Amino acid sequence: MTKVRTAPDFVILFATLCLLGIGIVMVYSASAVFAENILHDPYYFVKRQIIFALLGITAMYIMMNIDYWVWKKWAKVGYMASIGLLVVVLLVGIEVNGSKSWLGIGSFGIQPGEFAKFGVVAFLARWLSDRQKEIVLFRKGLMPALAIPVVCFGLIMLQPDLGTGTVLMGAAILMIFAAGARISHYLFFAFLGLVGFAGLVISAPYRMDRITAFIDPWSDPRGAGYQIIQSLYAIGPGGLFGLGLGQSRQKFAYLPEPYNDFIFSIIAEELGFIGGTFVLLLFLLLLWRGMRVAITAPDLFGNLLALGIIGTIAVQVIINVGVVTGMFPVTGITLPFLSYGGSSLTLVLTGMGVLLNISRFSR
């Protein structure tokens, strides 16, 4: 099939830049107090966020102009490199908050788990597009397809980082299902997945504490339930219109790391129900257009690659917003485009560049 390049999807670009702009403003609002008290520079985090955003926009522009089928050729190399980085981080990684998931020197660091998301998505899209007819077979199709993300998931769980692992597996499962896997096979693995998830929770006492806190956070308000309670204390007073930009109370050392995993709580507190809803509508707009690109891509590799990229964002948004609103147990997952972060922000923008390139060839 002849591929004809057109203009990229403007709606995707618009939604991405809007979310990025809101994220920069909210990172400053949520972090200024902490940065001033601890680091004596209220602009510490926002300056770095702007640098990461500029790097990400540059990468997005470059990727938008590289034809996406190039990644099919390099997908296996990227996947093997992701596995290599995940092994290296286990050996010489930096431990942060009990998880050995960072590589870096001084204040500069990367999370190999973020690279693994794209590495798995690209290689899985290549494998499924080359062997679509086999995916209906249990041993020759579904098992090898699941093995691709499971290898990286296992290495990520050794860090341990259940949040990143969950996002990676969620996107992979969406891709395999879209490629034509049988429902009966999925039900079997869903059962195994639930058993495995229960085992992971039971094996780590802090995860069990988070489950207990999710059911009744007020049973341990100073311990496992603290983050959920403080998040709800931020969202509740926000009301319809919010307390006003910069007027959050919970960022005054009540809500831990309000500029990171719980930034949506600060958005709801300062901008209210209307501001929070606007952010969610931007995500819905992005996801709708991303799915449209996945459906109309000119080949199966493009279909699955676009689905994997937008699926990763969708799973991450659902889990993050679910956590801060008390719908899911607490896990360390950032909110795409909005949370403070270097490798996470840069790589999600890189992925959007690939998605925009696919949109240039959509039917």
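The values are calculated or read from the model by the stated rules, or taken from the named source; none is laboratory data. All of these numbers come straight from a predicted model, not from anything done at the bench. Positions of Cβ are backbone-derived with ideal geometry, glycine not excepted, and every protein chain shown enters the neighbour counts. Remember, those area values only see protein heavy atoms, side chains included, never the ligands or the DNA or RNA. Shrake-Rupley method; radii C 1.70, N 1.55, O 1.52, S 1.80 Å.
Brief remarks follow.
- GLY322, sole failed condition from (1) more than 15 Å from LEU174 (Cβ to Cβ); (2) in contact with a Leu (Cβ under 7 Å, 6 or more places away or on another chain); (3) open to solvent by less than 20 Å² (accessible area, probe 1.4 Å): (2)
- The single residue among LYS117, LYS47, LYS100 that is surrounded by fewer than 17 Cβ atoms within 10 Å (Cβ to Cβ), out of contact with any His (no Cβ under 9 Å at 6 or more places or on another chain) and basic (Lys, Arg) turns out to be LYS47.
- Among the residues of the stretch 232-247, those identified as within 12 Å of VAL324 (Cα to Cα) and surrounded by 15 or more Cβ atoms within 10 Å (Cβ to Cβ) are LEU232, TYR233, ALA234, ILE235.
- Criterion: modelled with pLDDT under 90, surrounded by fewer than 17 Cβ atoms within 10 Å (Cβ to Cβ) and within 19 Å of the chain's Cα centre (by Cα) - qualifying residue of MET291, MET327: MET327
- Some residue of the stretch 172-186 being out of contact with any Leu (no Cβ under 6 Å at 6 or more places or on another chain) and part of a loop (DSSP other than H, G, I, E, B): yes
- If you check LEU345, LEU338, LEU356 for being touching a Leu at 6+ places or on another chain (Cβ under 7 Å) and within 16 Å of GLU114 (Cα to Cα), only one passes: LEU338.
- Condition check for GLY193: in contact with a helix residue (DSSP H, G or I) (Cβ under 6 Å, 6 or more places away or on another chain), of a type in the set (Gly, Ala, Ser) and either surrounded by fewer than 21 Cβ atoms within 10 Å (Cβ to Cβ) or modelled with pLDDT under 85 (or both): no
- Odd one out for ILE66, checked against (1) touching a residue at least 12 places away in the same chain (Cβ under 8 Å); (2) surrounded by fewer than 20 Cβ atoms within 10 Å (Cβ to Cβ); (3) part of a helix (DSSP H, G or I); (4) not aromatic (Phe, Trp, Tyr): (3)
- Test for MET143: is it in contact (Cβ under 8 Å) with a residue 24 or more places away in the chain and either under 24 Å from THR350 (Cβ atoms) or open to solvent by 60 Å² or more (accessible area, probe 1.4 Å) (or both): no
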